[in-house]
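One structure is given below, encoded as structure tokens.
The values are calculated or read from the model by the stated rules, or taken from the named source; none is laboratory data. In this text the structure is predicted, and so the values were computed from the model without any measurement. Note: ideal-geometry Cβ built from the backbone for every residue, glycine included; neighbour counts use all protein chains shown.
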Amino acid sequence: MTKRPEFNFTIAKPDWNIRFPEYEIITSQQGIEVYTIYSDAYDLNYIEFVFENGRLSESKKLSSRICAHQMLEGSKKQTQKEIAEFFDYYGCNYQIISDMDFSLISLNVLDKFFEKVAHYLLEQIYSAEFPKAQLEKGKSSLYSQLQHQLTEPDFVSYRELSASIFGNENIYGYNTTEELIKNIESSDLQNYRKNNFTSDKLKVFYTGKRRSQSFWDELLSIVPGGNDLHVQYISEKNLPLKKHIAMENCAQVSLKMGKRLFEKTHDDYFDFYFLNTLLGDYFGSRLMSVIREEHGLCYDIHSTLDAQLKDGIFYISAELNAEKVKKAIQLIQSELQKISSQVIDKNEMEMVRNYLHGHILRLIDGPYNSILLLKILITEFEDVHAFEKLLQSIHYISDERIRQLSKKYLNPDEMTIVTAGFDKIKN
């Protein structure tokens, strides 16, 4: 029988009088909100254009991801090489990515070059032609990346878990395939950009020296107006299952064990965030203490609260030798039962509070970190006051509330279990 470690020490209480840094909202003539944290201490400016679109807005699967990858691969006036040389000349750090819910365009550049480079960046975005030759190169690169990832048990187990829980046609459940990559054409990317990179979907986040209202009006005037296209999220229910994906040339097994949960704005999110940390999201967590340190079944094990705008999952992940998988699953299930039924040591609760307190302080350490957190609060939680709710939850959550949430969400019988890797798992 596994015995919980004793916490026979006193933990200092942190100062919870934490305030989010001051920020300002500027609204452009087009109605686009620009969230700004001013900083005169540095000559470096950072800006991020965040479009709420992602997979939910797709008319063809993968169009959001590939559109982001191809936006700077050639425009009406500039080739891919010329665009790359421009950014290189001005020493810029830039990125365009698309995830499940958003497309993000970020730029880091010296203040003296900021206005010129920001204008140039948006000009290339909105005049991108998605040339066929560059698209084919991009698709070939994406396919090569996929082929490599499909040899990694951790990647395979996660994609099978998400597909099993959400469903193969769900925006959070469908997986990239060779066929989906081949089906993308330049016209798909043109349509996606036209319909989804619009003013009604855009919020801007900026830190650096103060800019005038006229600058923001001029910079954002290139962004087209909204089109009132709204897509309803469709959710399907799937029963928990257990599956193994045998893979060649794999010495170990990747374990994923999880279930559907809720979206980020759910009332239980912040309390469950604390629960997840205690269970498996920091080095002193229960799963690390029992599965790794006490039983030596793996080097790393962790739990994840993977919540999105419309849905979410919780899962536990570990890399194991095949002969240790069954025992690891049994111990994980035992820990889930214990956390829902046993009183939690006061010092264990305080240790998690202190850990999260330090993590929050790092999130608001300086203007750059603060603007990134502000972006998350506004776009993902839809309210900057979510910061205060998070603090309140961490500070005041009780072990009784932990048990209540565990009983509600962490029933082992409701978990889907996916393993991938070594051909056979020993019982």
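Structure data summary
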item	result
Selected residue (only one of 58, 73, 48 is within 20 Å of residue 177 (Cβ to Cβ), crowded, with 18+ Cβ neighbours inside 10 Å, of a type in the set (Asp, Glu) and touching a residue at least 24 places away in the same chain (Cβ under 8 Å))	58
Flag if residue 390 is over 30 Å from residue 243 (Cα atoms), of a type in the set (A, V, I, L, M, F, W, C) and touching a Phe, Trp or Tyr at 6+ places or on another chain (Cβ under 6 Å)	yes
Residue count for segment 88-115, restricted to those that are surrounded by fewer than 18 Cβ atoms within 10 Å (Cβ to Cβ) and small (Gly, Ala, Ser)	1
Any hit, segment 123-130, residues being on the phi > 0 side of the Ramachandran plot and either of a type in the set (Lys, Arg) or crowded, with 16+ Cβ neighbours inside 10 Å (or both)	yes
Residue ID - nearest to residue 171 (Cα to Cα), chosen from residues in segment 74-107 that are of a type in the set (Asp, Glu) and modelled with pLDDT of 95 or more	101
Positions within segment 287-317 being touching a residue at least 60 places away in the same chain (Cβ under 8 Å), within 18 Å of residue 339 (Cα to Cα) and of a type outside the set (S, T, N, Q), in sequence order	290, 294, 314, 315, 316
Exclusive hit being in contact with a Pro (Cβ under 9 Å, 6 or more places away or on another chain) and touching a residue at least 12 places away in the same chain (Cβ under 8 Å), set 423, 413, 399	413
Candidate set from segment 237-288 (those that are among the aliphatic types (A, V, I, L, M) and assigned to a loop (DSSP other than H, G, I, E, B)); member that is farthest from residue 167 (Cα to Cα)	251
Pick from segment 44-60, criterion acidic (Asp, Glu) and part of a strand (DSSP E or B), ranking: nearest to residue 199 (Cα to Cα)	52
Some residue of segment 411-423 being closer than 28 Å to residue 37 by Cα and at pLDDT below 95	no
Among (1) of a type in the set (D, E, K, R); (2) under 30 Å from residue 423 (Cβ atoms); (3) out of contact with any strand residue (DSSP E or B) (no Cβ under 6 Å at 6 or more places or on another chain) - the single one residue 115 does not satisfy	(2)
Some residue of segment 348-371 being touching a strand residue (DSSP E or B) at 6+ places or on another chain (Cβ under 6 Å), among the β-branched types (Val, Ile, Thr), under 27 Å from residue 159 (Cα atoms) and in contact (Cβ under 8 Å) with a residue 24 or more places away in the chain	no
Residue ID - surrounded by the fewest Cβ atoms within 10 Å (Cβ to Cβ), chosen from residues in segment 186-235 that are within 16 Å of residue 123 (Cα to Cα) and among the charged types (D, E, K, R)	194
Filter result (over 20 Å from the mean Cα position of the chain (by Cα) and either surrounded by 20 or more Cβ atoms within 10 Å (Cβ to Cβ) or closer than 16 Å to residue 64 by Cα (or both)) within segment 144-168	153
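Here is a yes/no grid of residues against (1) at positive phi; (2) in the same structural domain as residue 338 (by TED's automatic domain parsing); (3) in contact with an Asp or Glu (Cβ under 9 Å, 6 or more places away or on another chain):
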{"site": "216", "(1), (2), (3)": "no, no, no"}
{"site": "232", "(1), (2), (3)": "no, no, no"}
{"site": "249", "(1), (2), (3)": "yes, yes, no"}
{"site": "262", "(1), (2), (3)": "no, yes, yes"}
{"site": "273", "(1), (2), (3)": "no, yes, yes"}
{"site": "284", "(1), (2), (3)": "no, yes, yes"}
{"site": "302", "(1), (2), (3)": "no, yes, yes"}
{"site": "310", "(1), (2), (3)": "no, yes, yes"}
